[in-house]
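Notes follow the structure.
The values are calculated or read from the model by the stated rules, or taken from the named source; none is laboratory data. The shown structure was predicted, so the numbers you read here are calculated from the model rather than taken from an experiment. Heads up, the Cβs are rebuilt from the backbone with ideal geometry, glycines too, and the neighbour counts pull from every protein chain shown.
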Amino acid sequence: IEACVPTVSAKTASVINYRGDALPVVRREKLFAWEFSETSHPEHILVISDGPTHAARLGLEVDRVLGLVDGEGATSIGADPIAERRPIGGRVAHVLDPVRLVARAREVIESSLTKSV
């Protein structure tokens, strides 16, 4: 069950209970600068950490997960959290850089807080 954050727009982020801790879920439209869609209702939350020994940092709404990499995560060039795009089964799969993704989520949330103050 998602809960709203009083100082953040519901179109930006929410929080969920993840193993007894509050986990921020940043809307994928905000993270990737996509157009917001009222009809988009992903059913899954991918829990992301920015390192193998770090705790969960972020929840990301996804349609589905095609696979996970054990070991070193993908590394993107620049600030883009998408390290690579691969065609799989007639669709485009985004390979994510977890470190850049967490950094981008932090920017989105901080920017949202600045605008509301």
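Among the residues of region 62-69, are any modelled with pLDDT of 75 or more, assigned to a helix (DSSP H, G or I) and farther than 23 Å from T7 by Cβ?
No, because not a single residue in region 62-69 is modelled with pLDDT of 75 or more, assigned to a helix (DSSP H, G or I) and farther than 23 Å from T7 by Cβ.
So G59 passes all but one of these: (1) modelled with pLDDT under 85; (2) small (G, A, S); (3) assigned to a strand (DSSP E or B). Which condition number does it fail?
(1) is the only condition that G59 fails.
Would you mention how many residues in region 1-27 are over 17 Å from A56 (Cα atoms) and modelled with pLDDT of 80 or more?
1
Are there any pairs with C-beta distances below 6 angstrom linking a residue in region 10-30 that is without any contact (Cβ under 8 Å) to a residue 60 or more places away in the chain to a residue that is of a type in the set (D, E), with the two at least 6 apart or on different chains, and if so which?
Here the result reads S14/E2; I16/E2; R28/E61, each pair linking region 10-30 to a residue that is of a type in the set (D, E).
Among the residues of region 83-117, what is the count of those that are outside any helix (DSSP H, G or I), in contact (Cβ under 8 Å) with a residue 12 or more places away in the chain, within 17 Å of E29 (Cβ to Cβ) and more than 11 Å from the chain's Cα centre (by Cα)?
Of the residues in that region, 1 qualify.
Could you check how many residues of region 34-48 are of a type outside the set (F, W, Y) and at pLDDT below 80?
The number of residues fulfilling the criteria is 7.
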